[in-house]
Amino acid sequence: MFELSEEHRMLQDLVAKFIDRDVMPLEKAVLAREMSGQKSALSAEEEEVLLGKCRELGLWGLDVPEEFGGANLPTVALIGVYEEQARTCVPFTFPPDSPNLHMLMAVCNPEQRKKYLEPYARGEAQSAIAISEPGAGGDPAGMITRAVKNGDDWVINGRKIWVSRVPQADFVIVMARTGEGKRHEGVTAFIVERGTKGFNIEREIPMLGGQRTYELTFDDCRIPGSQLLGQEGRGFAPMQLRLTVRRLQIGAWCIGMTRRALDMMIEHAKQRVTFGQRLADRQAIQWWIAEAAMKIHACRLMVYDAAAKSDAGKDVRTEASMVKLYGTEMATETIDHAMQTFGAMGVAKELPLQLMAQKVRTMRVYEGPSEVHRMVIARRLLQDRR
Amino acid sequence: MKILVPVKRVVDYNVKVRVKADGTGIETAGVKMSMNPFDEIGVEEAVRLKEKGAATEIVAVSMGVPQCAETIRTALAMGADRGILVETDAELQPLAVAKLLKAIAEKEQPKLIILGKQAIDDDMNATGQMLAALLGWPQGTFASKITIEGDGITVTREVDGGLETVALTLPAIITTDLRLNEPRYASLPNIMKARKKPIDNLKPADLGVDPKPRLTTVKVAEPPKRKAGVKVGSVAELVEKLKTEAKVI
């Protein structure tokens, strides 16, 4: 195992302080919004204040290359950052969101770099990505949205669903079928800018955890050929790269969420007395605490291992699947145990545990459901054996 | 003006301190260590003085095991310019630290030395005062406000009765109290820059100081557990118990 460098540990300390002092105090407001049926989000003013502090502290563009003004940190340095961030149920991440950044870095040509990647990397532009369709979710290779070449332009027709961050997105990366190829062959990535004719937001879909996704339709949506990303018919691989980045991030988020649940569980178990005994003195609770601590340790080793391999340029798709699967199941279990330890308080809307439970429930579905990851891991093992 | 800021590596303030099983000290193996919070206030004050143009250079000093370099690095990330590590495995007591700091002060010739009023591990509250005595410099301890005017410095001190203001002539010693300032976070660019700032590595012998302890620790024990209280039925009973049993009124 490698050891995290001194600077990267100091970065994690910095983020931990920032989360504790500046973000944690906003939990109450976020929980109140979710309780009243609103989006569990920060207000524009709250977000503005945090973004200002992030700029001051250099917590911006952490994995953005230096040529675009970023800190160009390796993945291993970001794991601790994600871990600290996820200790709170306040939805706040340092801009720009990493997965699309890495996809754009892999596929943009020089003009697209200037027009889309650079403002995105500076945190001035927002993006979304449309992959899933009503008939193709966990199996995106089954998508049927089609783009047809017309002169120098492309015309997109189809329907996308479960797309996050649409209203604030300046552009959406749309995955569509172009060639004759089956499954993942013949899938191409396009950039569709906000307000393009034929690009419609059909409806907003409220999700668990006070989150929102959107259903989109493309109705003869015409875009110039310059908005094709990467190579025609080869969009699946960079999309996969993006998913790998997110899956490692999810693993690290799950460590943070689980740590919070464990901390709350320990604090409560030491105070709460029932039938003349502290909860902390009961075996059931002790076993939950031990399980959680052991799994956090295991998950952290898994995430750092995958991150280090990824930084070394290795293909970590299998590791990323394992990390995403293990992390979300660990967090699900521990948050549930923490809720049970808290009794009625654990299921009260005032406490962050229930919001964390809702969020991790969605995490077991998005970026590939647990069962698909199990299938993928097993298939690779089966294929590798003679 | 050059400012010297001693920084001590202590058990992090969030960690519950545990006494070693053999009673010789406290457990530090595998425990999170950080800069003494009062020293952090000292670094912050020095950085503010530099930002105001009152100081030109900040030198952070730490003493002890090699990992004290990390504490210096934190000070460098907050804005100190360079570091001095006095490396030793020996147990360092306030008098030894004061003697080592005196030797460094004679070499570096700072106009101001800002220390924490005490370290949160042993709470000795002694090094600053001893250093002032050894150097023969004026001291302003428990500072909650400092103002530099020409060759002098005005220090507002938090004393038991309230606030006391003293005027000192530079060079001088300041020890910080909690309300002097709120230390900043070390920003990411500054964390990265800190890597390139120099840290000098010295041994006590290089400074001609024998850090041998003058005090012997006989035993370290946890404070006694708090006993369960009693419920009283009335105010009259409470007053009676305070008079006759607790004998506090």
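The values are calculated or read from the model by the stated rules, or taken from the named source; none is laboratory data. All of these numbers come straight from a predicted model, not from anything done at the bench. Glycine gets a Cβ as well: all are built from the backbone with ideal geometry, and neighbour counts include every protein chain shown.
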Could you check the range B:187-234 and list, in sequence order, the residues that are surrounded by 10 or more Cβ atoms within 10 Å (Cβ to Cβ), of a type in the set (Val, Ile, Thr) and farther than 22 Å from residue B:22 by Cα?
B:191, B:199, B:209, B:232
Scanning the range B:235-247 for residues that are surrounded by fewer than 10 Cβ atoms within 10 Å (Cβ to Cβ), at pLDDT 90 or above and of a type in the set (A, V, I, L, M) gives B:235, B:236
Sole residue being buried (at least 18 other Cβ atoms within 10 Å of the Cβ), within 14 Å of chain A (Cβ to nearest Cβ) and closer than 15 Å to residue B:5 by Cα, chosen from B:74, B:127
B:74
Scope the range A:137-155; condition outside any strand (DSSP E or B) and not acidic (Asp, Glu); matching residues
A:137, A:138, A:140, A:141, A:142, A:143, A:144, A:145, A:151
Give the residue that is farthest from the chain's Cα centre (by Cα), with candidates limited to residues of the range A:27-41 that are surrounded by fewer than 14 Cβ atoms within 10 Å (Cβ to Cβ) and of a type in the set (S, T, N, Q).
A:36
Mind checking which residues of the range A:270-297 are within 24 Å of residue A:83 (Cα to Cα) and surrounded by fewer than 12 Cβ atoms within 10 Å (Cβ to Cβ)?
A:287, A:290, A:294, A:297
Could you name every one of the strands (runs of 3 or more DSSP E) located completely within the range B:1-51 that has at least 1 residues being in contact (Cβ under 8 Å) with a residue 24 or more places away in the chain and among the β-branched types (Val, Ile, Thr)?
B:2-6, B:9-11
Among the residues of the range A:77-93, how many are crowded, with 24+ Cβ neighbours inside 10 Å and more than 20 Å from residue A:300 (Cβ to Cβ)?
2
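Sort out which residues of the range B:178-217 are among the hydrophobic types (A, V, I, L, M, F, W, C) and either within 14 Å of chain A (Cβ to nearest Cβ) or without any contact (Cβ under 8 Å) to a residue 12 or more places away in the chain (or both), and write them in order of number.
Of everything in the range B:178-217, those that are among the hydrophobic types (A, V, I, L, M, F, W, C) and either within 14 Å of chain A (Cβ to nearest Cβ) or without any contact (Cβ under 8 Å) to a residue 12 or more places away in the chain (or both) turn out to be B:186, B:188, B:191, B:192, B:194, B:199, B:205.
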Residues within the range A:319-344 that are surrounded by fewer than 17 Cβ atoms within 10 Å (Cβ to Cβ) and either over 30 Å from residue A:284 (Cα atoms) or modelled with pLDDT under 95 (or both), tallied:
0
Single residue of the range A:156-169 satisfying the filter (in a loop (DSSP other than H, G, I, E, B) and touching a strand residue (DSSP E or B) at 6+ places or on another chain (Cβ under 7 Å)) that is nearest to residue A:206 (Cα to Cα)
A:164
For the range A:56-90, enumerate the residues that are modelled with pLDDT of 90 or more, in a helix (DSSP H, G or I) and either of a type in the set (D, E, K, R) or touching a Ser or Thr at 6+ places or on another chain (Cβ under 7 Å) (or both).
A:56, A:57, A:75, A:83, A:84, A:85
Would you confirm whether or not the range A:43-53 contains a residue that is closer than 21 Å to residue B:184 by Cβ and at the interface with chain B (Cβ under 10 Å from one of its Cβ atoms)?
yes
Restricting attention to the range A:1-27, the residues that are free of Cβ contacts under 8 Å to residues at least 12 places away in the same chain and away from every other protein chain (no Cβ under 14 Å) number exactly 1
Can you work out which of the residues in the range B:129-144 that are touching a helix residue (DSSP H, G or I) at 6+ places or on another chain (Cβ under 7 Å) and in a strand (DSSP E or B) is farthest from residue B:181 (Cα to Cα)?
B:139
Quick one: in the range A:58-76, which of the residues that are more than 10 Å from chain B (Cβ to nearest Cβ) and under 15 Å from residue B:191 (Cα atoms) is surrounded by the most Cβ atoms within 10 Å (Cβ to Cβ)?
A:70
Residues satisfying the stated conditions in the range A:91-123, i.e. in contact with a Pro (Cβ under 9 Å, 6 or more places away or on another chain) and assigned to a loop (DSSP other than H, G, I, E, B)
A:122, A:123
Based on what the data block shows, is residue B:93 in contact with a Phe, Trp or Tyr (Cβ under 7 Å, 6 or more places away or on another chain) and not small (Gly, Ala, Ser)?
no
Being modelled with pLDDT under 95, surrounded by 15 or more Cβ atoms within 10 Å (Cβ to Cβ) and of a type in the set (Lys, Arg), is that true of even one residue in the range B:154-177?
no
Within the range A:273-325, restricting attention to residues that are outside any helix (DSSP H, G or I) and closer than 17 Å to residue A:381 by Cβ, which residue is farthest from the chain's Cα centre (by Cα)?
A:315
Residues of the range A:227-247 that turn out to be in contact with a helix residue (DSSP H, G or I) (Cβ under 6 Å, 6 or more places away or on another chain) and not hydrophobic (A, V, I, L, M, F, W, C), as a count
6
